[in-house]
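Worksheet: the structure to be examined is printed underneath.
The values are calculated or read from the model by the stated rules, or taken from the named source; none is laboratory data. Keep in mind that this is a model prediction, so the values were computed, not measured. Cβ placement follows ideal geometry from the backbone for every residue including glycine, while neighbour counts extend to all protein chains displayed.
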Number of protein chains: 2
Amino acid sequence: MTPRLVIVGGSDAGISAALQARKTAPDVQVQVIFADAYPNFSICGLPYYIGGVVADWPLLAHRTAADIEAVGISLMPHTVAESVDPSRQIVWVHAGGQRQAVPYDQLVIATGARPIMPPIGGLNLPGVFMLHTIDQGRAIRGYLEAHHPRRAVVVGAGYIGLEMTEALAERGIAVTLLEQAPAVLPTVDEALGQLLALYLEAKGVMVRCRTRVASVERTGDGLMVHGMEGARFPADVVVVVAGVEPDTALAKAAGVHTGVRGAIAVDPAMRTNLPHVFAAGDCVETYHRLLRRPIYLPLGTTAHKQGRIAGENAVGGSRHFAGSLGTQVVKVFDWAIARTGLREDEAKAWGFAARTVAVEAWDHKTYYPGAELLHLRVTVDRTTHRLLGAQMVGPWRAAVAKRIDVMATAISCELTLRDLEDLDLSYTPPLGTPWDPWQIAAEVGQESVERTP
Amino acid sequence: MTPRLVIVGGSDAGISAALQARKTAPDVQVQVIFADAYPNFSICGLPYYIGGVVADWPLLAHRTAADIEAVGISLMPHTVAESVDPSRQIVWVHAGGQRQAVPYDQLVIATGARPIMPPIGGLNLPGVFMLHTIDQGRAIRGYLEAHHPRRAVVVGAGYIGLEMTEALAERGIAVTLLEQAPAVLPTVDEALGQLLALYLEAKGVMVRCRTRVASVERTGDGLMVHGMEGARFPADVVVVVAGVEPDTALAKAAGVHTGVRGAIAVDPAMRTNLPHVFAAGDCVETYHRLLRRPIYLPLGTTAHKQGRIAGENAVGGSRHFAGSLGTQVVKVFDWAIARTGLREDEAKAWGFAARTVAVEAWDHKTYYPGAELLHLRVTVDRTTHRLLGAQMVGPWRAAVAKRIDVMATAISCELTLRDLEDLDLSYTPPLGTPWDPWQIAAEVGQESVERTP
């Protein structure tokens, strides 16, 4: 009989698992169960759809449903997975008012994450939005087009908060960005966050850090966002993006073990503790390549990789997830901010003797027009001189995203400062410098660790 | 007594050696002997000066003479090193009509390369230029500004030939580019060279490959370039760029051994066979990291690194040159073409069981405006699945130069196709794809080597 692979979740991890399974074992029967109508959509693209750079939401599909079905994958949209019976190997689903049993030989749980609901009053008011799903994105854009708000408040200056800030500003809306941490984008060093805040202010965004929001209230002509310390920010629309948490209700009820931050515990093959049950994506723990232990680090790139591995292994493969470095980049107006590996504070918290060097360097020879200044930070282990992390802020046209990838590769390969100096990187005057910015940082770092080991 | 370090050559390798020596041993006395008036100038920048993007030649200095002297380095311009007496540790120089002995404790020979004079008749005619020195660059620009040529022929479609093609075209000159190989830029695979030729033609450049030049002759109103097979190309100015060869006359006369292509043989510490004599830059053999043997590979980045190592070791250091991968990038109009490591034909010639996969991939999600198609080629060892080389052609704004650096790093670290797939690279829709183009190539390559090992 044809083996049956059932996947719960139609986003990055789920569809990657389905595609990889079909590719690995073309005879396998693959069914993907998902609650909404949006298989394989790019959640990461929502801010661009909301901002209008992407004309309409169907464009956000990585692949259409027809593309997916064309390779022999069976899609079950509008289908809610209610429970898993691991002893009988059945997923109980609800669709079209009917309860139905979906039997499986192997199961991949890819239920993703859900937005954290912060303790803010008034989140249900009209004009107040959270952003995680395609439906939420459509609701925000619909609201913007119907009401033409003039003032927006974005609560939370993480990646999505920054992208939403740009999206709303590009629509001509005056944006106030609120962040409870001391600087925007708390995933990078405060010094870089402060630099970014200055840039945002220059772009006309009002940035307020160290600001916790107590509530949103309706006023005569709009909304009022109340800070804990009494500050008030008027708005016509409010977007709250306070991070995500793993969506594990289905898995936990079935007896799947969870670990860090309540995410599903998986082994390197993406197996859960239950036989025939794999899990991948934003609902699982992610093995960190440097820390050599699981953390919670939901990212699209990771979800893709984990999904592929779960899908391959569910049909007989034996591939292991190599681990994440938390490599991330965000574009905000003309800038990009990127990081990989560990910041100094993170590295120290995990027991590394970490030190960070900060450097500014030109992206290309200054005699060629358009040279841009890059702000770099490299974190190293003072004992081994091994690279632990890297951060960069600068104009995205100066290839910030791919520059961080060089460091992601170097860190994966356990390179030291000296190894980094020895790399044979490319150079031509309009696009680089003979001594690459990372190599300048490596040299400064080397002197720093030699001076005070 | 203060140790005396003498360096012959004031370009990348020589000045890097001087700076690194002063940094390593601040008490050392450093003298740099060079024949022209241009210490530490960017030869790589000449096409941009000739094209007019760089307003004037002094801007091409990486550092001014004053900058260099400010760190305690003594510059001896207009000084020709005539001979080295290794037994007495003296460099005999000629300057201002006078012969003079410059004693040294340690010597670094950084005499660079000189352009190959191809067997073409008429190279000395007015309006016919070679390009390697600042003086030659100034002569070309002077000629362009004085004579306003309408038609140019560039002989040789390597890196500098391509940059000169752009430079002349940007001045409104109709350019014909001649190359004896079957495609332009013979340092990359022919398929990519053909792609590039089509692009150049679309930019209005006439490209003729498989065309060897016999002679240049003066005609009534200009010049005529004669191909070996009878083709004729009229021109008002001709630029011949046929590669370089190591400039080793001084070294050889002193008894320094040479090796590959006549370049100075050095050990990993950049020592020659003579005591107290180091060498670095375009005049030396370069250790190739993958081949684990010396080849001749003159590049600015390598010259920098070798110079630093020679300078450090000349004052007591013990650093080794890790080797080159031949990483290179050139910008031509809006495109960049880059490579690192070995092409399939090169790898096979050196005994690798090499195979190349070719892939086209978008630089970022296509739903975000401005996505650009990249052309990638990855060469792997079919036996070990190790990465051997990578090539990329595409719009430079799509970060081609830094994308090749990711592969240069991966190849340095001896990664396999699977390791490449496992890398945690950055992603955001405007700047990348969740599955990076190199990872797409790795996946295709993996299937290719598994199918027919």
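Values as computed for the structure displayed
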read-out	value
Matching residues in the range A:149-194 - criterion: being within 14 Å of chain B (Cβ to nearest Cβ), more than 19 Å from A:Val225 (Cβ to Cβ) and not acidic (Asp, Glu)	A:Tyr159, A:Leu185, A:Thr187, A:Val188
Lone unmet requirement of (1) more than 8 Å from every other protein chain (Cβ to nearest Cβ); (2) within 21 Å of the chain's Cα centre (by Cα); (3) not β-branched (Val, Ile, Thr) for A:His304	(1)
Residue in the range B:95-111 that is small (Gly, Ala, Ser), touching a residue at least 40 places away in the same chain (Cβ under 8 Å), surrounded by 17 or more Cβ atoms within 10 Å (Cβ to Cβ) and under 30 Å from B:Arg22 (Cβ atoms) present	yes
Any hit, the range B:265-280, residues being within 13 Å of another protein chain (Cβ to nearest Cβ), on the phi < 0 side of the Ramachandran plot and in contact with a strand residue (DSSP E or B) (Cβ under 9 Å, 6 or more places away or on another chain)	yes
Selection status of B:Gly281, in contact with a helix residue (DSSP H, G or I) (Cβ under 7 Å, 6 or more places away or on another chain), over 23 Å from B:Gly127 (Cβ atoms), in a loop (DSSP other than H, G, I, E, B) and at pLDDT 95 or above	yes
Within the range A:337-430, helices (runs of 4 or more DSSP H) holding 2 or more residues that are at the interface with another protein chain (Cβ under 7 Å from one of its Cβ atoms) and of a type in the set (Lys, Arg)	A:400-412
Single match in A:Glu245, A:Glu217 (criterion: out of contact with any Lys or Arg (no Cβ under 6 Å at 6 or more places or on another chain) and either farther than 29 Å from A:Lys331 by Cα or among the small types (Gly, Ala, Ser) (or both))	A:Glu217
Selection within the range A:25-58 - in a helix (DSSP H, G or I), more than 18 Å from B:Tyr427 (Cα to Cα) and touching a residue at least 12 places away in the same chain (Cβ under 8 Å)	A:Ile50, A:Gly51, A:Trp57
Among residues of the range A:384-414, those that are of a type in the set (Val, Ile, Thr) and out of contact with any helix residue (DSSP H, G or I) (no Cβ under 6 Å at 6 or more places or on another chain), counted	4
Candidates A:Val188, A:Val207, A:Val213 - the one that is over 13 Å from A:Val153 (Cα atoms) and of a type in the set (A, V, I, L, M)	A:Val188
Selection count, the range A:433-453, where residues are in contact (Cβ under 8 Å) with a residue 40 or more places away in the chain, of a type outside the set (Ser, Thr, Tyr), farther than 21 Å from A:Thr340 by Cα and at the interface with chain B (Cβ under 10 Å from one of its Cβ atoms)	0
Pick from the range A:7-50, criterion more than 19 Å from A:Gly281 (Cα to Cα) and of a type in the set (D, E, K, R), ranking: farthest from the chain's Cα centre (by Cα)	A:Asp27
Top-ranked residue in the range B:59-75 [being part of a helix (DSSP H, G or I) and within 21 Å of the chain's Cα centre (by Cα); ranked as farthest from B:Val330 (Cα to Cα)]	B:Leu59
Index of the failed condition, B:Pro298 passing every other in (1) within 25 Å of B:Arg343 (Cα to Cα); (2) away from every other protein chain (no Cβ under 14 Å); (3) surrounded by 17 or more Cβ atoms within 10 Å (Cβ to Cβ)	(2)
Residues of the range B:96-119 classified as modelled with pLDDT of 95 or more and of a type in the set (Gly, Ala, Ser), total	4
Qualifying positions in the range B:245-264 - in a loop (DSSP other than H, G, I, E, B) and over 19 Å from the mean Cα position of the chain (by Cα)	B:Ala254, B:Gly255, B:Val256, B:His257, B:Gly259
Any hit, the range B:377-391, residues being under 30 Å from A:Pro47 (Cβ atoms) and at pLDDT 95 or above	no
Selection within the range B:301-348 - among the small types (Gly, Ala, Ser), farther than 17 Å from B:Glu285 by Cα and surrounded by fewer than 24 Cβ atoms within 10 Å (Cβ to Cβ)	B:Gly316, B:Gly317, B:Ser318, B:Ala347
Flag if B:His320 is under 30 Å from B:Ala18 (Cβ atoms) and either more than 8 Å from chain A (Cβ to nearest Cβ) or of a type in the set (Lys, Arg) (or both)	yes
